[in-house]
1. When the Debye formula is applied to the Cα atoms of the stretch 34-114, each taken as the same point scatterer, what base-10 log of I(q)/I(0) results at q = 0.12, 0.15, 0.20, 0.25 Å⁻¹?
2. Of the cross-linked pairs Lys284/Lys304; Lys46/Lys103; Lys213/Lys349; Lys115/Lys359; Lys41/Lys274; Lys41/Lys284, which ones have a Cα-Cα span greater than 22 Å in the structure shown?
3. Would you check the accessible area of Thr37, probe 1.4 Å, heavy atoms only, in square angstrom rounded to 10?
4. Calculate the all-directions average of the projected area of the stretch 122-167's alpha-carbon convex hull, and give it in nm².
5. Can you work out ³J(HN,Hα) from phi for every residue in the stretch 210-222, in order, using Karplus 6.51 cos²θ - 1.76 cosθ + 1.60 and θ = phi - 60°, giving whole Hz and x for Gly and Pro?
6. Using the Cα centre of the chain as origin and beta-carbon charges of +1 (Lys, Arg) and -1 (Asp, Glu), tell me which of Ser210, Ala357, Val51 is placed farthest towards the positive end of the dipole.
7. If you place +1 on the Cβ of every Lys and Arg and -1 on the Cβ of every Asp and Glu, how big does the dipole about the Cα centre of the stretch 113-174 come out, in debye to the nearest 20?
8. Please list the three semi-axes, largest first and in whole Å, of the ellipsoid equivalent to the chain, using sqrt of 5 times the eigenvalues of its alpha carbon gyration tensor.
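The values are calculated or read from the model by the stated rules, or taken from the named source; none is laboratory data. Every value quoted in this text rests on a predicted model; they were computed, and no experiment measured them. Glycine gets a Cβ as well: all are built from the backbone with ideal geometry, and neighbour counts include every protein chain shown. These accessible areas exclude ligands, DNA and RNA; they are computed on the full protein's heavy atoms, side chains included. Shrake-Rupley method; radii C 1.70, N 1.55, O 1.52, S 1.80 Å.
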Amino acid sequence: MDTAEVVIIGGGIVGSSIAYHLTAAGCSSVLVIERETHQGKGSTGKSMGGVRAQFSTSVNIQMSLYSIPFYASFDERLGYPCDYRPQGYLFCATSEKHMAYLKANYGRQVAMGLKDARLVAADEIRGMFPQLRADDIVGGSFCSSDGFVDPYSAMVGFMTWASEHGARLWKDTEVMAIRRDGTGAFVAETRRGWVSTRKLVNAAGAWAASVAKMLGVELPVEPLRRMLVPTEPFDDFPHSAPMIIDMSNGFHFRPEARGFLLAWNDPEETPGYKTDFDPGFIEKILTRAADRVPCFENLAVNPKRAWAGLYEMTPDHHPILGEVSGVPGFFAANGFSGHGVMHAPATGKILSDLILAGKTEIVDASLLGLSRFAEGRMIEETAVL
Ligand SMILES: Cc1cc2nc3c(=O)[nH]c(=O)nc-3n(C[C@H](O)[C@H](O)[C@H](O)COP(=O)(O)OP(=O)(O)OC[C@H]3O[C@@H](n4cnc5c(N)ncnc54)[C@H](O)[C@@H]3O)c2cc1C
């Protein structure tokens, strides 16, 4: 039987970041088990790559305050690129209610130590992007260190660095069952045989609930389809633009290559493992795009280049992190609710701290434990895109 000090199930960006942070902290006996033949076939390879600190809860802001500077120095620290582009996030409010919400969030962000966020007046938004239909925009908020990364590169950078420092990655190896032996160690049955460990990490993304179930743990993580539509090359809107969010309906977009990447959270979407792209989504999103950016009426899109992936949703839109109570040695790193790429660096650090030292200074980890649901301590995040 193979063995490792820490075994991580799932080789997406979260599992890879945990492997990196463990090895960087001196724990080199790490085994990452990934069922696909290549990394990135889960949500990481489907992500929009947005990173932001403009959240509404202290804990999400703290996760970003570790993660974004980490991405800014990624190439230097790891020797691999993550393509961090600090082009910002611009939230555009179209009602006083939304503006009050942005102001309250801004106050919390400043109190937590975020220095790059600011409120912007409607006229400033009009001046920045005259291409926007701004008759109903009442103001907004902008953070210059928010922006984008290349999730695939970051994941590969994390895992390659970890591998160079002793971690192992088994690809094409599904974990099918887990049991505990007489000494309390976990024994996982995989397609390559049995593996034993005393520290087992669930980093299985949208499939995390089924992994937890192997140990009899109910994990409230549900898959929810998200679709993205890339446009053909388009030069009538600046490619230096930030992620721009129309708060009237949640439509948002950012530059991507010579075109733009369009996103919208369809409220009609229902949970499930749906990863097919629905061509009917194109008309829905283009209607919203042209409504906010009239010149987008001339956008060309090729439905064959559009794609769908899965968010891993929790009831309060915060991740579930840390040791699962009642199952000592079993750690969760799940339920990022659409923020797993931007929060992967903090998650890796938090999990590494909790596994190796039993505590972390990045966040108050007790807030993010699985037990918060049973104990009625949910912490609702409303700034979800
Ligand atoms: C369309 C879209 C846009 C998004 N945009 C953003 C964004 O702008 N910013 C952001 O931060 N986040 C975004 N996200 C969310 C982000 O992509 C995820 O939160 C993140 O990738 C989660 O990483 P992960 O490593 O936990 O999961 P994954 O990348 O899904 O990795 C989990 C891995 O576990 C493996 N696995 C599962 N079960 C088993 C098993 N039994 N045995 C072995 N391996 C197993 C899977 O094969 C998979 O590779 C987006 C997601 C989608 C779909």
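1. Per q value, in the given order, log10 I(q)/I(0) is -0.50, -0.72, -1.02, -1.22.
2. Values: Lys284/Lys304 16 Å; Lys46/Lys103 32 Å; Lys213/Lys349 25 Å; Lys115/Lys359 27 Å; Lys41/Lys274 14 Å; Lys41/Lys284 27 Å.
Pairs exceeding 22 Å: Lys46/Lys103; Lys213/Lys349; Lys115/Lys359; Lys41/Lys284.
3. The accessible area of Thr37 comes to roughly 60 Å².
4. Details: hull surface 20.2 nm².
With every direction weighted equally, the projected area is 5.0 nm².
5. So the J values, rounded to whole Hz, are 6, 5, 4, 4, 4, 10, x, 9, 8, 10, x, 10, 10.
6. It is Ala357.
7. On the way: 6 positive and 10 negative charges, 28 e Å.
The calculation lands at about 140 debye.
8. Values: eigenvalues 266, 93, 73 Å².
Largest first, the chain gives 36, 22, 19 Å.
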